1. Among 45, 172, 215, whose mean-square fluctuation peaks in a Gaussian network model of the chain (Cα, cutoff 10 Å)?
2. Can you work out the FRET efficiency for the pair residue 53 and residue 29, with r the C-beta to C-beta distance and R0 = 25 Å, to the nearest 0.05?
3. Along each principal axis of its Cα atoms, how long is the chain end to end? Whole angstroms, biggest number first, please.
4. Among the trypsin sites (Lys or Arg not before Pro) in the stretch 103-194, which ones are in a DSSP loop with at most 16 other Cβ atoms within 10 Å of the Cβ? Mind listing them?
5. 7 Å from Cα along Cα→Cβ at both residue 336 and residue 258: what's the point-to-point distance in nm?
6. Tell me the mean residue ellipticity at 222 nm calculated for the chain from its helices only (DSSP H runs of n ≥ 4, each -39500 (n - 2.57), averaged over every residue, nearest 500).
7. Hey, quick one: spin label on residue 17, modelled 7 Å out along Cα-Cβ, who in the stretch 74-118 has an amide N within reach, i.e. under 18 Å?
8. Under 8 Å for C-alpha pairs, at least 6 residues apart: give me the relative contact order for the stretch 5-345, rounded to a whole percent.
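Just so you know, all these numbers are worked out from the coordinates, no wet-lab data involved. On a predicted model such as this, the values are computed, not experimentally measured, just so you know. Virtual Cβ from ideal backbone geometry, glycine too; neighbours counted across all protein chains shown.
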Amino acid sequence: GAMTTVRREAFGRMPPEEGGGEVEKFVLQSDSARVEILSFGCIITTLETKDRDGQFSDVVLGFDTLEGYTRKHPFFGAVVGRVANRIANGRFTLDGKEYQLFLNNGPNSLHGGAKGFDKVLWSPQVLPNGVRFFRLSPDGEEGYPGDLKVWVTYTLSGRELAINYQAQTSKTTPISLTNHSYFNLAGQGSCDIYDHEISIEADSYLPVDDTKIPTGEVAAVQGTGFDLRQPVELGKHLQKFHLDGFDHNFCLHQGQDRRLVARVFHPPTGRTMEVHTTQPGIQFYTGNNLDGSLKGKGAATYPKHSAFCLETQNWPDAVNKPHFPNVLLHPGEEYNHTTWLVFNTA
């Protein structure tokens, strides 16, 4: 039962002003999961998993057509880079040279800039149990230094989806890649995530200023609403601690090895999702900016708190915070991180 099949099909064409290239969809299927991924933005458009009765449901937010993804949207399912999350004032200094990025999130640069990795076509290669996407991000793209070669590989085995990121650069550059899927284990289009139980294996988190940039403090979760080391029911927890939602980096135990960092359980369906990673941080986001205005798959609307993201990545603004984990990739080195999403029932 460990066989994965991979199918490729046409999904649409880019608009003429974007070069009109063909966008393909890759369907990865095992006995317990089905994943659909585009060559545009490496976007996961569909992720179907079983509930405790064996019924499949799609648990990620997204659109039915390519047009939804080429228009403005909150990074549904996409790979974001060259640097995920926020860089303060869109500025950093490397080897005495200052770099200025596009400001697309108030005073800050977010998720790679005006046209990040989520808004470009990648070159696909079909693998026996998945698909690998490649692109060259040219020197100076979105203000970043160096020709950066990037490979993103999705593989499905049974109930486990692995996402591997590799990169090499010609000049020293910051890099932090993640996938920005929005999940609802009740099935996409369900109205909220308040009945989900979540735990995150983190002893500390990063407090942020009012533009969501980390203050630089690494704060203990102990005794705060950020202590998610034991599972909490999300709705009750937000009420108890008077939180509008989460959009924070949780600091993970450092190391190059795979480790379990987060678990989500949805009692009504029995679905569970585990996140394992080699990354130093995980951004937990509860869809605070969703407002019901986007028409999603099957005419679903996506109101506030109707999905969560668990984005494995380096710590936000690490390029400007020397005491944060290293975010710089040098020529001759390889950036190599993997995140595993494991779907099960309990």
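1. In this elastic network of the chain, the residue with the biggest mean-square fluctuation among 45, 172, 215 is 215.
2. Efficiency for this residue pair is about 0.80.
3. Projected onto the principal axes, the Cα atoms of the chain cover 59, 51, 39 Å.
4. 115, 171
5. That separation, rounded to one decimal, is 1.5 nm.
6. Values: 2 runs with 12 residues, N = 346.
That comes out to -1000 deg cm²/dmol.
7. Residues passing the 18 Å test: 114-116.
8. Working: 912 pairs, mean separation 60.7, N = 341.
Here the relative contact order equals 18 percent.
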